[in-house]
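Scroll down for the structure; my scribbles are underneath it.
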Amino acid sequence: MSSPHDLSVTVRRLGATIGVLMLVGLIAGAALAFAGSQGDQGGPVYALVNPNNGSPQLIAAHTSGFTAVSVGPFGQGDYCLTPSPGVNVAKPAAAASEEAFYSNAAGFVTVRYPTSGPSCGANQLEVKTFDQNVNLSNQIAFTVNVP
């Protein structure tokens, strides 16, 4: 039978082990939180795109980590975003959504990671905007965030 002293030592060791595991978990979580793509000043990567009736524009005050946007190979409603040097848009799962102020129609926005066929350049992020009839549309503004 164990003595109260042995039990006390075991409980302290177990507590210390749990404490160390929690500390390692916190450090790993913090490292993952800062491991995403980095923008112009080492910060987050995001953009606001105004479709501008077919001549898309990045809204500079709401963009970091992207240098340009152009119409993609599928025409109006298909966009190719060019990231700043050092920003990787190929691996993280970017998220995009419609932005109301610059939009002239309601619809939905998708991020495309092509596996074959025509697409944007290898280092670009492709975003498509669709109207309510599921047709590509250049009337829908969007925001995109790259983790």
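The values are calculated or read from the model by the stated rules, or taken from the named source; none is laboratory data. Values in this document were obtained by computation on a predicted structure and should not be read as measured data. So basically every Cβ, Gly included, is an ideal-geometry build from the backbone, and we count neighbours across all protein chains shown.
Condition test on Val89, is it closer than 15 Å to Cys120 by Cα, at pLDDT 90 or above and assigned by TED's automatic domain parsing to the domain that holds Glu126? In short, no.
Gln139 satisfies every condition listed in (1) closer than 19 Å to Val45 by Cβ; (2) touching a Ser or Thr at 6+ places or on another chain (Cβ under 8 Å) except (1).
Listed conditions (1) closer than 22 Å to Ser64 by Cα; (2) surrounded by 11 or more Cβ atoms within 10 Å (Cβ to Cβ); (3) among the small types (Gly, Ala, Ser) are all met by Ala122, apart from (2). When restricted to residues that are surrounded by fewer than 19 Cβ atoms within 10 Å (Cβ to Cβ) and in a loop (DSSP other than H, G, I, E, B), region 76-102 contains 11.
Listed by first and then second residue, the pairs with beta-carbon distance under 6 Å, at least 6 apart or on different chains, first residue in region 59-75 and surrounded by 14 or more Cβ atoms within 10 Å (Cβ to Cβ), second assigned to a strand (DSSP E or B) and of a type in the set (D, E, K, R), are Gly72/Asp78; Gly72/Glu126.
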